[in-house]
1. Relative contact order for the chain using alpha-carbon pairs under 8 Å, separation at least 6, rounded to a whole percent?
2. What FRET efficiency comes out for the pair SER162/LEU201, r = Cβ-Cβ distance, R0 = 60 Å, nearest 0.05?
3. Modelling each spin label as a point 7 Å along the Cα-to-Cβ direction, I'd like the ASP180/SER338 distance in nm, to one decimal.
4. Once the Cα atoms of helix 114-123 and of the chain are each reduced to a long axis, what angle between those two axes, in degrees from 0 to 90 to the nearest 10, is obtained?
5. Quick check: residue separation of LYS25 and ASN330 times 0.36 nm, minus the Cα distance between them. What number comes out in nm?
6. Pop the C-beta distance of ARG400 and GLN155 into the FRET formula with R0 = 51 Å and round what comes out to the nearest 0.05.
7. Compute the Kirkwood hydrodynamic radius of the range 1-133, taking the inverse of the mean of 1/r over all pairs of distinct Cα atoms, and give it in Å to one decimal.
8. Using only Cα atoms, find the angle between the long axis of helix 448-465 and the longest principal axis of the chain, and express it within 0 to 90 degrees, rounded to the nearest 10.
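Where a number appears in this text, it was derived from the coordinates with a stated rule and is not lab data. Predicted, not measured: the structure shown is a model, and the values here were computed from it. Methodologically, a virtual Cβ is constructed for each residue, glycine included, from the backbone with ideal geometry; neighbour enumeration extends over all protein chains shown.
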Amino acid sequence: MADKVLYTRSKGFFPSFERRPGPIKTNMHYCPGCGHGILHKLIAEAIEDFGIKDKTILIAPVGCAVFSYYYFDCFGISVPHGRAPAVGTGLSRANPENIVLSYQGDGDLASIGFNQIIQAANRGENLAVFFVNNAIYGMTGGQMAPTTLPGQKTQTSPYGRSVSSEGYPLKVSETVAALDAPVYVERVALSTVQQIRKARLAVRKAISNSIERKGFSLVECLSGCPVNLKMHAKEMNEFLDNQMSRYFPLGVYKDIADSRDPLVRPEKIFDVKQVRELLYPVKVSDGVSESFRNPSRIFTTERRVKLAGSGGQGVLSLGYMLATMGKLRNFNVSWLPSYGPEMRGGTANCAVVISRHPIGSPLVDKDCNLLVALNQPALEKYLPTLKKNGILLYDESNARCPEDPGEERVIYTLPASDLATQLGDLKYANSVLLGAIAVMMDDLYLDEEDKVDFDRVFEEAIMECFREKETVIQNNIKAFYIGKENARRITRQG
Ligand SMILES: Cc1ncc(C[n+]2csc(CCOP(=O)(O)OP(=O)(O)O)c2C)c(N)n1
Ligand code: SF4
Ligand SMILES: [Mg+2]
């Protein structure tokens with residue numbers, strides 16, 4: 001009698017899996033008894049049975065489920081912690097044919113990404129969300145999660161979660177179901193066979209809602225993390241079915257999909273002209289024509305500038321002054337500061353783009369035309385991003401001229417910090433460097449008529465940036481002219 005194969009690998013999975021690297025060659029990425037494996041199987045089978053492999057995008061979170069991309073044979077994308085609802089929104093709106101599955105842990109969805117999921121649910125995005133609630137941060141070794149039970153011991157709550165200190169566990173299904181937009185919310189448990197069968201139906205219901213474009217569905221899965229909870233399989237199931245289910249009752253919290261019509265979103269716009277008209281209500285020139293608001297011949301092509309140094313050196317204001325100049329002379333400009341810990345004495349940088357045309361990207365990570373380096377680390381880090389024939393301007397009080405500056409670079413320098421200190425305050429170093437930028441522009445870009453105008457525009461930019469602080473304005477203008485007097489072009493390679 002021929003063997004009858006009852007269970008086999010779902011075609012929603014790859015034909016073969018990479019094993020987890022390490023000494024034990026048979027290990028998978030998930031620990032034995034982990035709930036993620038069970039949910040993976042339920043989703044993979046649904047993908048196969050619905051025949052949607054070619055239009056399904058599974059968003060892998062930060063957390064143990066990031067390993068999903070080793071297993072699922074559909075489209076996949078990894079996103080930053082908690083950001084699956086935002087990325088999912090983009091994926092589903094850009095192409096409503098996409099079936100977008102947002103797979104998230106409790107740390108990912110209920111902690112760092114809680115606002116994201118609530119907003120996406122409230123907008124009724126066409127997403128099927130699978131929320132794995134294992135009451136702990138599994139991947140990072142068992143820290144307390146927003147869903148950790150009262151009294152539950154974790155690495156970061158060794159005496160048990162105290163509700164008077166850490167508050168109560170977040171009830172995600174109840175919260176999402178209370179919103180108007182979501183169409184389906186159910187909480188299931190990945191424990192006994194009976195519960196897993198219910199989970200299987202819930203997974204299918206959420207995916208079928210997505211296929212029918214009914215909007216937002218969420219399936220919360222109470223799931224085991226036996227390794228971090230230090231339980232064997234039987235204990236783990238008992239924990240899920242008795243303790244977790246008592247706090248997080250299982251069941252359907254909302255199911256109104258049948259009463260909703262399929263979502264209709266605004267029509268997609270692929271026409272470039274139409275997009276431009278919407279994005280740029282003020283008409284800007286498509287090319288360098290007589291009608292351009294700045295009739296001068298300067299900057300016929302886009303100028304991309306990187307300014308970098310240490311926090312506190314005025315790098316961001318220097319970039320801002322430069323962008324203001326462009327703005328004052330009717331160019332399109334962008335100024336992109338890099339904030340964050342860098343503001344506290346580390347490195348600081350910003351990017352400025354000045355263009356006659358609409359600016360595509362404000363990032364200046366490569367093909368930089370001008371690098372202004374206020375210290376040595378900034379010079380070394382960003383020199384490789386400078387274009388061939390690009391211009392380097394550096395503060396020689398803090399940085400050395402590179403021995404090999406690369407292909408045909410034009411180099412300007414001056415001791416900006418020393419000159420500023422002589423002027424009474426190191427913080428004027430940025431305006432001293434602005435003076436050096438003026439020299440560089442005089443040499444390379446400006447004709448006689450423009451030169452006079454540009455001194456004026458530098459002054460106007462300083463005035464606009466330090467508005468109403470008369471002494472500061474005067475000192476910065478003074479610093480600007482000191483920079484102009486002292487800047488020198490030192491070499492041109494090649
Ligand atoms: C922005 C950011 N913050 C913190 C981390 C560290 N981190 C990695 S996984 C994780 C928690 C994951 O827990 P959960 O979402 O519950 O997934 P599980 O592993 O339990 O399935 C954290 C905090 C990170 N990778 N990125
Ligand atoms: S640490 Fe926990 S959640 Fe992560 S794979 Fe292991 S059992 Fe699963
Ligand atoms: Mg977790």
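1. Relative contact order, the chain: 9 percent.
2. E(calc), rounded to 0.05, equals 0.95.
3. 4.4
4. Value to nearest ten degrees: 80.
5. That pair, LYS25 and ASN330, stretches by 103.4 nm at full extension.
6. 0.60
7. 15.6
8. The two axes meet at around 50 degrees.
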